[in-house]
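K.L.:
Take a look at this one; I'll ask things after.
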Amino acid sequence: MYDHIGLHVANLDASVRFYTAALAPLGFILCSRDDSGAGFGPKDAPALWLYLDKGKKAGDAHIAFRAPDHDAIKQFHSAGVKAGGKDNGAAGHRKDYSPTYYAAFLIDPDGNNVEAVCG
């Protein structure tokens, strides 16, 4: 249903560092970058756009990225924490969501809830 999504970020460098690390295990890369924004996605097809907005307050968005497997979700969580994200739920089954739901959650540098999921 969605073609792309955009988030306003207060610190573009911190956000690019976080998303570059967290999205790499899911197969997504930094596709575009300038002083005002950055785009992530599959090569030549950015679908997550970050826009610099220095006056931004903490975020309240929730974004879930499809992961290929459990290992990618574990790597997403680990890499995201190392790159400045905050743990919001380690990799594991979420049987209250569905019997096969497996996910991890991070809070990005702007306060958005970022998830990797498969199942």
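K.L.:
Per DSSP H run of n ≥ 4, the term is -39500 (n - 2.57); total these for the chain, divide by its residue number, and report the mean residue ellipticity at 222 nm rounded to 500 deg cm²/dmol.
P.N.:
-6500 deg cm²/dmol
K.L.:
Right, another one. Sort out the exposed loop trypsin sites (Lys or Arg not before Pro) in the chain (DSSP loop, at most 13 other Cβ within 10 Å) and tell me the longest stretch that has none.
P.N.:
Here the longest segment lacking exposed loop sites spans 1-42.
K.L.:
For the chain, find the longest principal axis of its Cα atoms and tell me its angle to the long axis of helix 70-82, 0 to 90°, nearest 10.
P.N.:
40 degrees
K.L.:
I would also like to ask the following. Of the options Gln75, Val9, Ala64, report the single residue whose Cα projects farthest towards the positive end of the charge dipole of the chain (beta-carbon charges: Lys, Arg +1; Asp, Glu -1).
P.N.:
Among Gln75, Val9, Ala64, the one farthest towards the positive end of the dipole of the chain is Gln75.
K.L.:
Let me have the relative contact order for the chain, percent, based on Cα pairs under 8 Å that are six or more residues apart.
P.N.:
Across the chain, relative contact order equals 27 percent.
K.L.:
In whole Å, what is the distance between the alpha-carbon centres of region 1-49 and region 56-96?
P.N.:
Result: 15 Å between the Cα centres.
K.L.:
Same structure again: Calculate, for the chain, the solvent-accessible area per residue in square angstrom, rolling a 1.4 angstrom probe over the heavy atoms of the protein chains.
P.N.:
Accessible area per residue, the chain: 55 Å².
K.L.:
I've got another one for you. On the accessible surface of the chain, probed at 1.4 Å, how many percent belong to carbon and sulfur atoms?
P.N.:
52 percent
K.L.:
What dipole magnitude, in Debye to the nearest 20, does region 1-49 give about its Cα centre under +1 on Lys/Arg Cβ and -1 on Asp/Glu Cβ?
P.N.:
Its charge dipole is roughly 160 debye.
K.L.:
Lysines within cross-link reach of Lys74: Cα-Cα under 27 Å, excluding same-chain residues under 8 positions apart?
P.N.:
Hits, sequence-local ones excluded: Lys43, Lys82, Lys86, Lys95.
K.L.:
Size of the dipole of the chain about the Cα centre, Lys and Arg at +1 and Asp and Glu at -1 on the beta carbon, nothing else charged, in debye to 20?
P.N.:
Approximately 220 debye in magnitude.
K.L.:
A follow-up question, please. Loop-only chymotrypsin sites (Phe, Trp or Tyr not before Pro) in region 1-85, please: DSSP not H, G, I, E or B, and at most 12 other Cβ atoms within 10 Å.
P.N.:
Listed in order of number, the matching sites are Tyr2.
K.L.:
OK, next. State the Kirkwood hydrodynamic radius of the chain in Å, one decimal place, computed from all pairs of distinct Cα atoms.
P.N.:
Kirkwood hydrodynamic radius for the chain: 14.2 Å.
K.L.:
Where does the charge balance sit around Ala103 when Lys and Arg score +1, Asp and Glu -1, over other residues with C-beta under 9 Å from its C-beta?
P.N.:
That works out to 0.
The values are calculated or read from the model by the stated rules, or taken from the named source; none is laboratory data. All figures in this text were calculated on a predicted structure; none of them were measured in a lab. Glycine gets a Cβ as well: all are built from the backbone with ideal geometry, and neighbour counts include every protein chain shown. With ligands, DNA and RNA removed, areas are computed over all heavy atoms of the protein, side chains included. Shrake-Rupley method; radii C 1.70, N 1.55, O 1.52, S 1.80 Å.
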